[in-house]
Amino acid sequence: MRRPSVAASLTRVEPPPPGPCAVPAAQELGNSYTASMYTGLLSLICSWHKPQVDANGEPVDTNALAHGKKVLMFSFGSGLAATMFTLKVAGDTSHIAEASELELRLKERIQRTPEEFSSTLADRETKYGKFDWTPSSSTEELFPGTFYLGNVDKFGRRSYKRVPVSPFRWVAAAASLRRRRLGGGVCVVFGVCV
């Protein structure tokens, strides 16, 4: 079953350049469960708006290429439920690609060793189901605008905070992230503290 589907996948999901590829985020991040349908959509939109040139070397209007396209969205749960719907591009989507800065965010991830990742998961296991605690991890490496867990109160209610959105913080954070890159291992994804 897998072998016959490879050709279909290559023509529908991963066309050769310069065709759009809907899976760069999924290839970089792995399965993000609920978010995977929308990270795929974001990847597709970003791929539509990569600078392209035609056979004569002239720039291609990427908005015109995207306009009118239909996108099939499909998500299935671990039980019996699934969702499928289509989207039709009716307007300019370039602002989505620009605002997401997907390629930059993927490049700016901080790499961690498998040992660091396992240690973080072990710490989370000790807090699972617990009340009245505050995370001890630093928020310094989070992207501006990232929501994060502030605390869990004595009744188990979770409170969230948000990293301030400031162009100055973004410049400082990007410079700091470049300095902190480590080799190999597991990454912090989209600035989410793990």
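Values quoted throughout were computed directly from the atomic coordinates according to the rules given, and no laboratory measurement underlies them. All values reported here derive from a predicted model rather than from experimental measurement. Every residue, glycine among them, receives a Cβ derived from its backbone with ideal geometry; neighbour counts consider all protein chains shown.
Table for the structure above
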read-out	value
Under 24 Å from residue 107, Cα to Cα: lysines that are on another chain or at least 8 residues apart	50
Cα centroid separation - the stretch 68-92 against the stretch 31-45, whole Å	11
At R0 = 45 Å, FRET efficiency that the Cβ-Cβ distance of residue 134 and residue 72 yields, to 0.05	0.55
